[in-house]
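Notes follow the structure.
The numbers here are math on the coordinates, done by the rules we state, and not lab data. Quick caveat: nothing in here was measured; it's all calculated off a predicted structure. When we count neighbours, we look across all protein chains shown, and the Cβ atoms used for this are built from the backbone with ideal geometry, even at glycine.
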Amino acid sequence: MKKVISSRDISELIANGGDPSTLPANALYTPSAIDLLNTLKVKPAGTASTTKPDSASAAPQCPLTRQVSNIESFFNSPEINQLKNDICDIGRRLWERDYVDGNGGNISVRVAQNLVLCTPTMVSKGFLKPTDMCFVDLDGNQKSGVKKRTSEILMHLEMMKAQPKAISCVHAHPPHATAFAVARIQPPTCMIPEMEILVGEAPIADYSTPGSVEMGKSVAALVKQHNTILMANHGVVTWGTGVEDAYWKMEIVDAYCRTIVFATQLGTELKTISRDKVQDLLKMKKALGIPDRRYELKECELCDNSEWHPGVVCGVPPQDKEATPSDLQAEELIKTITEMIVNKIQN
Ligand SMILES: [Zn+2]
C-alpha cells in the first residue's frame, strides 16, 4: 500500500530541518500536499526532469530549504536584485493607494531557509530604493544592507515560522480595514465572492506594542487558518506565496471593508450570499490550496455574522447642527445692527 503524504507531513518535515525534495515519488499526495509542493517549487525525488538544468533555465530553489554560504554575494545576485525591485514596486502601490503613511508599513520575502529580504525602518514605502533593502535571519538579526531593518520584521518572521506557505508578508495601515481594527469589529462574511475565495474571514489579533515579539505571537497564532489579519488599533498584515500575492490581499480586504461601510449607510440590512453558494466558493478555495477555518464547519454555520454590530445610522438630524464661526459672526452683526436701530428710535 502506498504511503499517503499530507501538507501537514510536509510542514512537519520542513520544521524538523528536512528537505521535501527527498520525499518519495511513488507515494500518494493529498491535494493540499501537491499544492504546497507546487508553492515551494519542489518535486519529490525521482519525478524531476532528466534534462540537465543550466544556470538560465534551472527552477528557482525552494526558499524553505535553500542554504546560502556566501550571504553578501547572494544579497547582490540578479535574483535578489529583482526581488528588491519588486518590493519597491509594491511599496509604491501601497503608498499611492493611501495604505501607508509616514514611514509606516513593511514588506518581506523569504529567500532561504534562514534568510529574509525586508524593507528598512524610517523610509516611506512610496520612495524605497533597491539599495535600502536588508537581509535578516529568522531571529531578526541583520545580515546585509546598509540601512537598519524594520522593527516590525519580528512579526513577519513569527508568521513565516508558523505558516510555511507565507513566503511574503505585507503590513500596512489601509484606512477602511484599519477602521474595523480600531473598532475591533471583525468584518462580516458571505457578502462578496472574491473576498470569500482569496481572503475569507479576517480575524482581529490582540493589541501589542508594534515591533514586539508579543505582537508577532498574537498574529502568528492566526496564520494557519487565515492569510489576512486585522491588528487591533494598528493596521493589517497579510501573507502570500509571493510579494504580489500578499499585496493583493491588502487591496481585497480594504476594498471589502470600504464596500461594507458604504452598504451599511444605505440604511437597509446587508444581505449575504446563500450558504450553499458559499459552500461552492469554499470548494473552489480549497482546490486553490488557500486555508480557511470554515472548511470544517457545517453549511448552516458558514455565514455566522452574529458578532456584526455596525451601529451606523444614516443622516444627521438638522437640530444637531453645531454653530460654525461664520454663524456666530452673523449673529454678532445682527445684534450690533439691532442695537443701532433701537438707539436711533429711542433718540
Ligand atoms: Zn504598523
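Quick rundown of the values:
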read-out: Distance between modelled label sites at LYS283 and ASN81, nm, 7 Å Cα→Cβ extension; value: 4.9 nm
read-out: Inter-probe distance in nm under a simple model that places probes 7 Å from Cα toward Cβ, at ARG275 and GLN67; value: 5.2 nm
read-out: Cα gyration tensor shape for the range 71-301, rounded if a/c is under 1.5, else prolate or oblate; value: prolate
read-out: For the range 70-83, Karplus couplings with θ = phi - 60° (6.51, -1.76, 1.60), whole Hz, Gly/Pro x; value: 9, 4, 5, 6, 5, 4, 9, 6, x, 4, 6, 4, 5, 5
